[in-house]
Amino acid sequence: MLPKDCLSIILSLTSPEDALRASLVSSCFRSASDSDLVWERFLPSDYAEIVSNSVTPLMFCSKKELFQCLSDSVLIDGGNKVFKLEKSSGKICYILSAKELSITWSSNPLYWSWISMAESRFCRVAVLRTTDWLEIGGKIRTKMLTPDTTYGAYLIMKISERAYGLDSMASEITLEVGNQVCSSNVFLQHGEDSKEMGNLGNEKEGSVREREDGWMEVELGEFYSGEKDEQVKISLMEVKGCHLKGGLLIEGSCVAVILSLTSPSDACKSSSVSTVFGSAADSDLVWDKFLPSDYHEIVSKACNTTFLFASKKQLYHLLCNPVLIADGKMSFKLDRPSGRKSYILSARQLSIRSSNDPMSWTWKSIPESRFSDVAELISSSRLEINGNIKSKKLSPNTKYGAYLLLKITERAYGLDLIPSETSIEIGNQSFKNTAYLRCQDDKKHRLENLFYSNRKQMMKSRVVKGDDRVMSRREDGWMEMELGEFFNGESDEEVKMSLMEIKGHQLKGGVIVEGIEIRPKA
């Protein structure tokens, strides 16, 4: 078992959710996961300032207890803001009270009034009495938020039973960060009744939905909080209708991490929390973000498959099962928990030396293959298998592994007298290794080591030094040999994969090649 400090360092590089799960493994893990070293990493860098600005003193004996305190809503800045950490990730969320917003004519009692409400987290909310000019704005600096995170901004409100004029014309909502501006429209109305849009030239229409805290919200937009400090400006306005309106209650504006930028696994988990979360987690808005950007092309290229789906979530689950594409020469699949892409290139998609020579290779159909035919090595002194794929077809910013899918026949010979050389090339990077075409517990190999160890060492000296990997058994009945791994970034490059044994000069045969799989690595 690793020392406690080592475990704590490792756990501090995960997430609050992972640290809590690890505490259930053993008492040693519990002790490590409870340490201040772990939870200090999950707290925001300015947590001391947040604690000092809290309206109510926070009582805690450890950094873990402080994290849990900050995971509940904490009133700060004289009660005008709410700060909260997202429990599973530690990412920062804020709610700005109505007092923190810029509301046109809010100080004029003819148009707006300020009242206390028991159900509000703030001491005052703004109530629209009557006006023909509705304009609400707010702003926050991105340096107050978690960097490298996608956020959603929401106006938190209620519509009174005596409301009028709010849904006569769509309100315009905008979100501005730096030089980027996103805009849309929303009707401030109860229920699911839809109304035709006004002639405003906007691209989409938002909606009012209920929150778990009893309030309602309108999404004002989403934005990415990067490393640069920028001002986020959000607004809702209806100033073109020129009609009177009233009955709107404004509690504030919420800036929170949005669900659709988590993961498919997290979305499925959150759907069991409540009916509200279930409805949100099932929406096309969420699952469209988990689908690859080229899913239309993948669906159109599917072979002998008709996709029947009523939602993006259903389509996602269909694509989590292997789909034959490219005239049956490739298999596509999404990793269910993460939504990352994986491909299998069939033997027909590979470049296999002398594969068209019937004296060396034969092509045949076998029932256990997902492809129409596979390649079987009859006899050759040179074994060369190459494959390639463009990195733009894969998920960006993902670590991938490439694996040769194969079987070894009972009459195989000459395959493991000398290690095969494997390689992965992407851009100007090249990774080489060695591998034996045999299993870890091969009895024949153990016997050969007893009688021919000197000869095998001499043969091995002809190839590059490597790990001498061996094959492993897959759940689908095939064997696989890892050719290497690579990181797929944002640029479009060609990934070249190969296995070759050309230095032993001995005849070999009895290997069946199904293809090469490129899949995300954990």
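The values are calculated or read from the model by the stated rules, or taken from the named source; none is laboratory data. Predicted, not measured: the structure shown is a model, and the values here were computed from it. As a convention, Cβ positions derive from the backbone with ideal geometry for all residues, glycine included, and neighbour counts pool all protein chains shown. Calculation scope for accessible area: heavy atoms of the full protein, side chains included, ligands and nucleic acids excluded. Shrake-Rupley method; radii C 1.70, N 1.55, O 1.52, S 1.80 Å.
Numerical summary
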item: When residues of the stretch 26-58 are limited to those that are over 30 Å from residue 142 (Cβ atoms), hydrophobic (A, V, I, L, M, F, W, C) and in contact with a Ser or Thr (Cβ under 9 Å, 6 or more places away or on another chain), the one modelled with the highest pLDDT; result: 32
item: Members of the stretch 375-413 that are open to solvent by less than 30 Å² (accessible area, probe 1.4 Å), within 19 Å of residue 360 (Cα to Cα) and modelled with pLDDT under 95; result: 412
item: Test result for residue 149, within 30 Å of residue 19 (Cβ to Cβ), out of contact with any Cys (no Cβ under 8 Å at 6 or more places or on another chain), surrounded by 15 or more Cβ atoms within 10 Å (Cβ to Cβ) and touching a residue at least 12 places away in the same chain (Cβ under 8 Å); result: yes
item: Filter result (closer than 16 Å to residue 515 by Cβ and either part of a strand (DSSP E or B) or among the polar types (S, T, N, Q) (or both)) within the stretch 321-340; result: 323, 324, 325, 330, 331, 332, 333
item: The stretch 155-183, residues that are farther than 17 Å from residue 127 by Cα, aliphatic (A, V, I, L, M) and either touching a Leu at 6+ places or on another chain (Cβ under 9 Å) or open to solvent by 20 Å² or more (accessible area, probe 1.4 Å) (or both); result: 169, 170, 173, 175, 181
item: Flag for residue 76 being within 18 Å of residue 216 (Cα to Cα) and among the hydrophobic types (A, V, I, L, M, F, W, C); result: no
item: Enumerated helices (runs of 4 or more DSSP H) restricted to the stretch 1-83, each holding at least 2 residues that are touching a strand residue (DSSP E or B) at 6+ places or on another chain (Cβ under 8 Å); result: 47-53, 63-70
item: The one condition in (1) modelled with pLDDT of 90 or more; (2) more than 30 Å from residue 91 (Cβ to Cβ); (3) in contact with a Phe, Trp or Tyr (Cβ under 9 Å, 6 or more places away or on another chain) that residue 327 fails to fulfil; result: (3)
item: Selected residue [more than 33 Å from the chain's Cα centre (by Cα), more than 20 Å from residue 478 (Cα to Cα) and among the acidic types (Asp, Glu)] from 327, 294, 357; result: 357
item: The stretch 346-372, residues that are open to solvent by less than 30 Å² (accessible area, probe 1.4 Å) and either over 22 Å from residue 480 (Cβ atoms) or not in a strand (DSSP E or B) (or both); result: 347, 350, 355, 360, 366, 369, 371
item: Long-range neighbours under 6 Å by Cβ, at least six apart or interchain, first residue small (Gly, Ala, Ser) within the stretch 236-250, second assigned to a loop (DSSP other than H, G, I, E, B); result: 241/168; 241/169; 246/129; 246/130
item: Count of residues meeting criterion [under 24 Å from residue 363 (Cα atoms) and either open to solvent by 60 Å² or more (accessible area, probe 1.4 Å) or without any contact (Cβ under 8 Å) to a residue 40 or more places away in the chain (or both)] in the stretch 477-522; result: 3
item: Residue under evaluation residue 86, criteria (1) more than 14 Å from residue 44 (Cα to Cα); (2) open to solvent by 50 Å² or more (accessible area, probe 1.4 Å), criterion not met; result: (1)
item: Any helices (runs of 4 or more DSSP H) falling wholly within the stretch 213-304 and containing at least 1 residues that are surrounded by fewer than 19 Cβ atoms within 10 Å (Cβ to Cβ) and at pLDDT below 85; result: 264-270, 275-281, 284-290
